[in-house]
Amino acid sequence: MFEDREKSEAEVQEKKEKEDAMGLEKADVFGMKIKALKEQDGNDVRALDSDDQPVDPSKVQAYLKRAFGTRLADAERALTALAESYSDPDELAKEAYNLYSEFRPQIQTGQSGWGQKGLLDLQHIKQLREK
């Protein structure tokens, strides 16, 4: 049985201190805050999974290769060109989720949720760049 309850001020402070000790911070992605870890060199920030472990970039790349196959480079080029069409990074950050909503693959009726197969229309992404 799940019981939703408010955390005490002490619990909130304890969690914050633990996250600070681990070097955790919140990164803004599509206007949502996600847990992230600043790398020891201080230059890179990595997202954390649900167990607060850094996401392995090689696993992400392997997933993308499986999902996009031989079209991965084409998708990367189209998405990079769309991002570069925004001269102001803050404007891109503000519009990122709306853009995603425009080009995300439509999934078949009867399917729902992340990870369902769909068609990514690269031509549509190119058209968004021209707006």
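Values for this structure:
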read-out: Subset of segment 1-24 [modelled with pLDDT of 75 or more and of a type in the set (Asp, Glu)]; value: 9, 11, 14
read-out: Single unsatisfied condition, residue 58 versus (1) surrounded by 13 or more Cβ atoms within 10 Å (Cβ to Cβ); (2) modelled with pLDDT of 90 or more; (3) under 18 Å from the mean Cα position of the chain (by Cα); value: (1)
read-out: Residues of segment 37-64 that turn out to be touching a Pro at 6+ places or on another chain (Cβ under 9 Å) and of a type in the set (Gly, Ala, Ser), as a count; value: 1
read-out: Every residue from segment 26-51 that is of a type in the set (D, E, K, R) and outside any loop (DSSP other than H, G, I, E, B); value: 26, 28, 33, 35, 38, 46
read-out: Conditions (1) of a type in the set (S, T, N, Q); (2) over 30 Å from residue 130 (Cα atoms); (3) modelled with pLDDT under 85; number of the one not met by residue 106; value: (2)
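The values are calculated or read from the model by the stated rules, or taken from the named source; none is laboratory data. Note that the coordinates shown come from a computational prediction; the quantities given were computed from them, not determined experimentally. When we count neighbours, we look across all protein chains shown, and the Cβ atoms used for this are built from the backbone with ideal geometry, even at glycine.
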